[in-house]
């Protein structure tokens, strides 16, 4: 293998390190975005439950007001029973009193139902708030990890970028342009080794895509320092020796 292919392999080694660092940073940033979305959803659910609790408390207040009003009316009706002069008037007031008592009983049942629901919602709301607090802590943790990773990788990434620039400058511009295009397509995996399928038969594969290669291409790699690409995947081929 000639000097140009050696240089391309060295450039690929640098490129893969850069890609790996960027991939790690991108993965952490995706985690932050995912956690942010998760936290936002939890906060929206928490707010919806708070609103539901507020509505239930308003209903409780309304029932309480009505209960007090009905109770006051019952008191007045009882007082009226002592002042009526005829049986007909007495029966009418008594009927109204019984109806009011029945309504009060239903209202009390409703008030108990609402109270039970409110207590359950308060408990659920406290649990939901605790869950949101945990999500906030998780977000803070992953954001801290991103910051630490960025700090940790900054110098290393800058050094690799300088190495890449120097290595690229030593290459033929056309070879470098081809390298960059293939790198963008395959995340830095530009080079593909050619392997011989059987030691006694001239059958070869591109290790990048596992597709067959003509024997002429393998022979060319062994005799010339040229940029030869795989017809299938487009990677730059290299071959150190017959296997």
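In the stretch 38-57, the residues that are within 20 Å of residue 116 (Cα to Cα) form no Cβ pair under 6 Å with any partner that is at pLDDT below 95 and exposed (fewer than 13 other Cβ atoms within 10 Å of the Cβ), whether six or more places apart or across chains. Taken as a whole, the condition of being modelled with pLDDT under 95 and either part of a helix (DSSP H, G or I) or not assigned by TED's automatic domain parsing to the domain that holds residue 160 (or both) applies to residue 28.
The values are calculated or read from the model by the stated rules, or taken from the named source; none is laboratory data. Just so it is clear, the model here is predicted, and its values are computed rather than measured. Cβ coordinates were reconstructed from backbone atoms using ideal geometry, including for glycine residues, and neighbour counts include every protein chain displayed.
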